[in-house]
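Structure first, then comments.
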Ligand SMILES: [Zn+2]
C-alpha cells in the first residue's frame, strides 16, 4: 500500500502530500491542516472511513457528512495553493456523491455490488410470480383496450382485479425487503476476518437476484398504478 501505513488498530495513516507528516485523518493533515488529494483507488466507503458493510448507522453517516462538509468546503480554501484548492473541490464533490449513494440502503447495496464486481442485474420477474406477471400484463392491455372502447363494465372489473394484484405486489415487495435485510446482516457478519468466503459470495449473489426481482415488481406496480 503506497502512501499509507497500517497501524495496530487498522487505521491507515496517510503521509501528508504537503509536509510529509503521518496523519490519521485522511482528509486534512493533523500536522499542517492542509487538505489531502484523493487517492485514485478511493471508494465511497473508505472515503468516509466505513467498513464495506450494508447495515450502517444512517444518523451517524449524516453527522459525518455535515462535519466533513464544513471542514472541506472550497470557500475555506480560496487563498490556499492551487493544489490544495483542487483537493478541497475534489474531496467536497466526492463527499456529496458518497453521502448521496450510501445514505439510501438500495443505492448503497447497488454500489457495494458494483465494487464487488457485479454488473447491474437485469430486471427479472421472481420465478414464483412468473405466471401472475404474465396475466397481469394481459390485464393491463385489456384495461387499455376497454378504456378505448368505452366499455365501462370491463374497465370497472379490470380495475378491481388490478387493484387487488397491486396489493399482492406490494406485499411481495415487503417480503423482498425483509429477505434483503436478513442478507445484509449475513453479508456484514461474513465480512469479518476468517469467515466463510463461500457464504459471503452466496449472500451477494442472492442480494443481486432479489434487487432484480424488486425492480421488476416496482416497474410492474408502477404500470398498474398508472393505468387504474
Ligand atoms: Zn501536513
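Values computed for the structure shown
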| quantity | calculated |
| --- | --- |
| Sole residue being in contact (Cβ under 8 Å) with a residue 12 or more places away in the chain, farther than 30 Å from residue 172 by Cβ and either surrounded by 14 or more Cβ atoms within 10 Å (Cβ to Cβ) or in contact with a helix residue (DSSP H, G or I) (Cβ under 8 Å, 6 or more places away or on another chain) (or both), chosen from 125, 98, 83 | 98 |
| Selection from the stretch 26-41 of residues that are near the ligand (Cβ under 10 Å from one of its atoms) and in a loop (DSSP other than H, G, I, E, B) | 29, 30, 31, 32, 33, 34, 36 |
| Index of the failed condition, residue 108 passing every other in (1) in contact with a strand residue (DSSP E or B) (Cβ under 9 Å, 6 or more places away or on another chain); (2) modelled with pLDDT of 95 or more; (3) within 18 Å of residue 191 (Cβ to Cβ) | (1) |
| Qualifying residue in the stretch 4-12 (condition: touching a residue at least 12 places away in the same chain (Cβ under 8 Å), away from the ligand (no atom under 16 Å from the Cβ) and surrounded by 13 or more Cβ atoms within 10 Å (Cβ to Cβ)) | yes |
| Residue check for residue 61: within 24 Å of the chain's Cα centre (by Cα), surrounded by 16 or more Cβ atoms within 10 Å (Cβ to Cβ) and outside any helix (DSSP H, G or I) | no |
| Residue that is part of a helix (DSSP H, G or I) and more than 22 Å from residue 177 (Cα to Cα), where the choices are 85, 108 | 85 |
| Residue that is nearest to the chain's Cα centre (by Cα) [pool: residues in the stretch 16-53 that are closer than 17 Å to residue 83 by Cβ and without any contact (Cβ under 8 Å) to a residue 12 or more places away in the chain] | 40 |
| Any helices (runs of 4 or more DSSP H) falling wholly within the stretch 127-228 and containing at least 3 residues that are under 30 Å from residue 51 (Cα atoms) | 152-189, 197-227 |
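The values are calculated or read from the model by the stated rules, or taken from the named source; none is laboratory data. Since the structure is predicted, the reported quantities are computational estimates derived from the model, not experimental observations. Note: ideal-geometry Cβ built from the backbone for every residue, glycine included; neighbour counts use all protein chains shown.
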